[in-house]
Every structure is written in structure tokens, then in C-alpha cells.
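*Asks:* Input: one structure, supplied below.
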Amino acid sequence: MRFPRADRDALAAAVASIAPDRWSDAHSVAARDAITASTAARVGITAALAKSGWEPSSAVRHLQWAPIGRARLEAALVGVTDGMLDQHPFPGEWSIRQQCAHVQLTYERYSVATLYAAQRAGGDPLLPGPDAYPLRKGEPQGIPGESVLSMVERLRAAWDGAIEPLLAIPSDALQRPTEWHTAEHTVGFRLHRFGAHDLELATDIRATAGALGVRMTAPLSWAAALTADLGELEAVLLDVPAAVGGVAEHIERACASDRGCRVKFR
């Protein structure tokens, strides 16, 4: 089960569009109310899941950092304009577009390597051959001229495609050996790294954005907080079957709150 992103995306965009000199205490209260409503939804969903008896698998537990990491990475892009994507604030460092291209490639390569490690025969190499991966040609470049919004949509699609098969990895495969950066680790470690990598890149992107002159005003700070908060809801819902009762009503309440709060930012 996935949390519908459209209402929260629209609210965050509306918040970010407010000029700093127009920001008021009423705006802060409205943004805070939206986050409070999503917190209440998480509590309600957790209670509904406990009542139903549904529990996440071991693989899902390892991956619950992944929606949080992805949302925080998106939050790091708040305030970044299309014109900033290809700028290099420091010689030799990647642009934000390059950093996001690296993120997408990592999603795809991590998924391939992790699935291989979970399924390989005992005598097979720890890592698949190079032909199994998407090609890595020099430094990542991304799609020239692509907007921030389109780039985020493409990253989300890549994330969705990469994580879906990982959710089904059985518990008895989590201690199977694999390799990461020439060191031997486990499948469970790779599942954890799937989300941790986004958290690291979020820090890098925010640092680059700051060097490019992005100033986190009150509207941008609240928009980033709303964007990051979405990951907390998605983590609770990760791999939850649609048939589990009592969950949908909490999702709709959170979405309704976002729609109601958005009106206050027109």
C-alpha cells in the first residue's frame, strides 16, 4: 500500500510559493497542522495494523528507512531552481543534476546486486557480472534540460521499480554474503544501505544548494519539512496489503487535511 503523494506535493508547492515577506504565524500554524494530521495518521495506521495482526517481514523492516531517506532527499531539493541543476559551486564537485543521476543509478544497481545475492547458488561469485548492471559511463550526467519536477518524478519511478522486488526477499536470505565496496557484507546490510544512501546524498545536495545561494526562508523550510514528513507515512505503509482493514480511513484523513491546509496558502 502506498500513500497518495499528490495532495502533499501540492501543499508543499503552495507553501514554497509564498514570498517570505508574506509569511505569517497563520501560515506556520497551517503547515504545522498538516504535519500533526499525518502524525495522527501514522499512529492510527500503526494501531490498525496491530489490530489486524499484520506484521512486516524482516526485509520490509530493513527497508523502512528507504521511504524516509527518499523523502528527505526530495526535501533537500526544495528551493533548487531549474537553472541551478547544472551549476558547479566548487571545482571538481558534482552538480545537483549529477548527484541525482548518481542516486538513480544506485537504485538500479543496488536492486540488481541485492537480488542476485539473495538468489545466487552457493558456489557463484558474491557479485553478478558487469553485464547484469545498468552501464556506468564515467561521471553521471542525468538528462540535460530536465526540470527539477520532472527529475523528481523520474527518481520516484526508479525508486518504486528498484524497491518492489526487494520487499519479497525471504528472511532466511538476509544473512547471505554479498560484497559492497570490496568488503564482505550481508543481504540485510544492502537492504539497509538502500535508504542510508539517500540520507547521505540529501546532505550533499543541501550543501550544494546552499553554496549556490539557496536560503531556507520560513516558506522553504516548512515546504521541506512537509516533503520529508511524507516519508514517515510511506514507511509505515511499506508493503501493507490493500485488504488490511482500518488503514484507508487514516490515509484519507491525512489527505483531507493536506487539501484543507492548502487553501490557506492561496
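*Asks:* Could you tell me whether any residue of segment 10-30 is in contact with an Asp or Glu (Cβ under 7 Å, 6 or more places away or on another chain) and either under 15 Å from Trp222 (Cα atoms) or modelled with pLDDT of 95 or more (or both)?
*Replies:* yes
*Asks:* From Asp204, Asp198, Asp172, grab the single residue that is free of Cβ contacts under 8 Å to residues at least 40 places away in the same chain and not in a loop (DSSP other than H, G, I, E, B).
*Replies:* Asp172
*Asks:* Within segment 157-185, can you find the residues that are hydroxyl-bearing (Ser, Thr, Tyr) and buried (at least 17 other Cβ atoms within 10 Å of the Cβ)?
*Replies:* The one that is hydroxyl-bearing (Ser, Thr, Tyr) and buried (at least 17 other Cβ atoms within 10 Å of the Cβ): Thr178.
*Asks:* Which numbered condition in (1) touching an Asp or Glu at 6+ places or on another chain (Cβ under 6 Å); (2) under 22 Å from Glu108 (Cα atoms); (3) β-branched (Val, Ile, Thr) is the only one that Thr227 fails?
*Replies:* (2)
*Asks:* Within segment 68-103, how many residues turn out to be at pLDDT below 95 and within 28 Å of Arg42 (Cα to Cα)?
*Replies:* 0
*Asks:* Could you identify the single residue in Val103, Val112 that is in contact with an Asp or Glu (Cβ under 9 Å, 6 or more places away or on another chain) and not small (Gly, Ala, Ser)?
*Replies:* Step by step, each of Val103, Val112 is checked, and only Val103 is in contact with an Asp or Glu (Cβ under 9 Å, 6 or more places away or on another chain) and not small (Gly, Ala, Ser).
*Asks:* Among the numbered conditions (1) surrounded by fewer than 15 Cβ atoms within 10 Å (Cβ to Cβ); (2) assigned to a helix (DSSP H, G or I); (3) without any contact (Cβ under 8 Å) to a residue 40 or more places away in the chain, tell me where Glu55 comes up short.
*Replies:* (2)
*Asks:* Looking only at segment 240-255, filter to residues that are small (Gly, Ala, Ser) and either touching a residue at least 60 places away in the same chain (Cβ under 8 Å) or in contact with a Ser or Thr (Cβ under 6 Å, 6 or more places away or on another chain) (or both); which one of those is surrounded by the fewest Cβ atoms within 10 Å (Cβ to Cβ)?
*Replies:* Ala242
*Asks:* Can you find a residue that is assigned to a helix (DSSP H, G or I), closer than 16 Å to Gly260 by Cβ and among the acidic types (Asp, Glu) anywhere in segment 14-24?
*Replies:* Looking for residues that are assigned to a helix (DSSP H, G or I), closer than 16 Å to Gly260 by Cβ and among the acidic types (Asp, Glu), one finds none in segment 14-24, hence no.
*Asks:* Are any residues in segment 126-155 at pLDDT 95 or above and outside any loop (DSSP other than H, G, I, E, B), and if so, which ones?
*Replies:* The answer is Val148, Leu149, Ser150, Met151, Val152, Glu153, Arg154, Leu155.
*Asks:* Restricting to segment 87-98, name every residue that is under 22 Å from the mean Cα position of the chain (by Cα) and either part of a loop (DSSP other than H, G, I, E, B) or among the charged types (D, E, K, R) (or both).
*Replies:* Listed by number, the residues that qualify are Trp94, Ser95, Arg97.
*Asks:* Next question, about the same structure. Kindly indicate whether Glu108 is at pLDDT below 95, of a type in the set (D, E, K, R) and under 19 Å from the mean Cα position of the chain (by Cα).
*Replies:* Judged against the criteria, Glu108 is a match.
The values are calculated or read from the model by the stated rules, or taken from the named source; none is laboratory data. In this text, all values refer to a predicted model and were calculated from it rather than measured experimentally. Quick reminder, even Gly has a Cβ in these numbers, built from the backbone with ideal geometry, and neighbours come from all protein chains shown.
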